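The values are calculated or read from the model by the stated rules, or taken from the named source; none is laboratory data. All of these numbers come straight from a predicted model, not from anything done at the bench. Don't worry about glycine lacking a Cβ; one is built from the backbone with ideal geometry, like all the others, and counts go over all protein chains shown.
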Amino acid sequence: MKSILSLRPTAFKPRSIAFRLIVAVLAVELLSSVLTVFLSFGYERLIHFRAFDVLLFGRADSILGAVQDAKDSQGNVMLVQADIHLPPDDIYEVYDANGRLLGRSPNWQGVPPEVEAPHFGPFLSLTINGRDYHVIRVHPSRMINATAAGGGEKRSVTILYGAPTELIWRSIFGAVEFYALGSALLLLVTGPLIAWLLHRGLLPLRQLASLAAAVSVNAWLFSPPESARRTPELAPLTLAIESVLQRLERSFMQQQIFVSDAAHELKTAVAVVKSSLQLLGMKRRSTAEYQAGLERCLADSLRLEEIVAKMLTLARVEGGSADALAPPAAELAESLQSTIDELETVAVQRGVSVRVASPPDGSFWVPVAAEDCVLLLSNLLLNALQHSPPGSIVEVRLTPETATVEVQIQDHGEGIDPAALPHIFDRFYRGDPSRTRSTGGTGLGLAIAKAIVLRAGGSIGLDSELGQGTTVTVRLPLFAEPAAS
């Protein structure tokens, strides 16, 4: 049993594409050769037997010349066999119009009774003394007494003439053998040629696979050969590999940057807590000093907890998958109002007003989980409040479109440097001086917002001018109101 099981992987060993193509082409050629031999056999048989029939008709016509007047009172005819000079293996017999036998060849006893008329048509195949014969039947007419008045008398006769078919079949099989040998020689010649051509034709694919296999986390360079780009069948695959590797490289680099930034952030926060505790333990302190130190440690711990929580949220949003049976859904207008109410205290503390344009009537359901929708809006609105000077206004607009809904949050703060705009959604990015630890930010809010929007199939953009303010625009797809569970 072990030996049988060990042989199974070898028996079902997968074959290469080149091997399969070679086998397929050779199988087609072999089938074509067999078909050619079969058709050539039918064609040669038809041609040879047509020529053979013409030959037999000519010889039968020569026998007609040996039919003479019997010179009797009944006006009969007779066969003068001395005037017949034919191959000795041929057979013949002649009958007059009354069915009387006029003569036959000495090597034949006549048509067997079982194949007599009406079973005997114009052609007949017989076996005589172990040899195969092809026999024809003709009904020619013979003019006798040509010197008589009226140009003579017409007499009808029946001639059966046959000849052995050995030479005919030998010629037929000789021609078929020539076609068969030619086809076999063609297979022997084209087999290696096809293998070489396929091997050469698949060279761009092997080069492409070799270059793709050389890509690693330390070497992302992938330069496909021009032959692969120029080949219509390989060009889409080449572009797909390039696109996939570019996305993987970007994702890997982003992951490396994220891990590095996260490690830096966590290390800094842990170092601050550690230094605060070491400072408290360096000497004896008063109760008030211990209380102040513990409060600083608690604040730093809360900041560390906030960073970890937002990192987990970002990982959940970027890597989570929607439930197919219960797709996420949130009513955008309701979530927006809930977020504004929640951040009202922050707005009052900063002396900033939030003005909401009159929302249109109706419900606007978007493919975002309710908690993620509130998280998205709160991150954007809180960012606008933190960047707005006291006495300014943050404007919020909700605008439905054909298949999407647009949310705009506009502040009138200091704005963002244009050089920082391409990186504003990067994780832990603080190119804008306003995004420092003094504001309590972690640099993950906008990254989380972008991840939520992209996961829902929407888009997010940011326009800003120094000294004028910043406008964040979010577009999310709309769908019908979900049925109540």
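Candidates are the residues of segment 357-403 that are part of a strand (DSSP E or B) and either hydroxyl-bearing (S, T, Y) or without any contact (Cβ under 8 Å) to a residue 60 or more places away in the chain (or both); the one that is surrounded by the fewest Cβ atoms within 10 Å (Cβ to Cβ) is I393.
Got at least one residue in segment 69-76 being in the same structural domain as Y161 (by TED's automatic domain parsing), among the hydrophobic types (A, V, I, L, M, F, W, C) and modelled with pLDDT of 85 or more? No - not one qualifying residue is present in segment 69-76. Residues in segment 185-233 that are among the small types (G, A, S) and either assigned to a helix (DSSP H, G or I) or on the phi > 0 side of the Ramachandran plot (or both): G191, A195, G201, A209, S210, A212, A213, S227, A228.
Looking only at residues that are surrounded by fewer than 14 Cβ atoms within 10 Å (Cβ to Cβ) and among the hydroxyl-bearing types (S, T, Y) in segment 1-47, which one is modelled with the highest pLDDT? Result: S32. Considered as a group, the residues in segment 276-294 that are surrounded by 12 or more Cβ atoms within 10 Å (Cβ to Cβ) and small (G, A, S) include one that is modelled with the lowest pLDDT, and that residue is S276. Residues in segment 69-106 that are among the charged types (D, E, K, R) and more than 15 Å from R155 (Cβ to Cβ) were compared, and the one that is surrounded by the most Cβ atoms within 10 Å (Cβ to Cβ) is E93.
Residues are listed down the side, and each one gets a yes or a no for (1) within 47 Å of the chain's Cα centre (by Cα); (2) of a type outside the set (A, V, I, L, M); (3) surrounded by 21 or more Cβ atoms within 10 Å (Cβ to Cβ); (4) modelled with pLDDT of 75 or more:
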{"site": "D411", "(1), (2), (3), (4)": "no, yes, yes, yes"}
{"site": "R427", "(1), (2), (3), (4)": "yes, yes, yes, no"}
{"site": "P433", "(1), (2), (3), (4)": "no, yes, no, no"}
{"site": "G457", "(1), (2), (3), (4)": "yes, yes, no, yes"}
{"site": "G467", "(1), (2), (3), (4)": "no, yes, no, yes"}
{"site": "T471", "(1), (2), (3), (4)": "yes, yes, no, yes"}
{"site": "E481", "(1), (2), (3), (4)": "yes, yes, no, no"}
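Pairs linking a residue in segment 183-210 that is closer than 14 Å to E233 by Cβ to a residue that is among the β-branched types (V, I, T) and surrounded by 15 or more Cβ atoms within 10 Å (Cβ to Cβ), with Cβ atoms under 7 Å and 6 or more positions apart or on different chains, are L198/I22; P204/T231; L208/T238.
Checked against (1) at pLDDT 80 or above; (2) closer than 30 Å to Q254 by Cα; (3) of a type outside the set (A, V, I, L, M, F, W, C), R437 meets all criteria but (1). Right, S301: hydroxyl-bearing (S, T, Y), in contact with a Cys (Cβ under 6 Å, 6 or more places away or on another chain), over 30 Å from F222 (Cα atoms) and modelled with pLDDT of 75 or more or not? No; evaluated as a whole, the condition is false for this residue.
F57: touching a strand residue (DSSP E or B) at 6+ places or on another chain (Cβ under 7 Å), surrounded by 13 or more Cβ atoms within 10 Å (Cβ to Cβ), closer than 17 Å to Y95 by Cα and at pLDDT 90 or above, yes or no? Yes: the conditions hold for F57. For segment 326-346, taking the residues that are surrounded by fewer than 14 Cβ atoms within 10 Å (Cβ to Cβ) and of a type outside the set (D, E, K, R), the one that is farthest from V407 (Cα to Cα) is identified as A326.
For every residue, the table says whether it meets (1) closer than 30 Å to R45 by Cβ; (2) β-branched (V, I, T).
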position	(1), (2)
I168	yes, yes
V176	yes, yes
L203	no, no
F222	no, no
P236	no, no
V259	no, yes
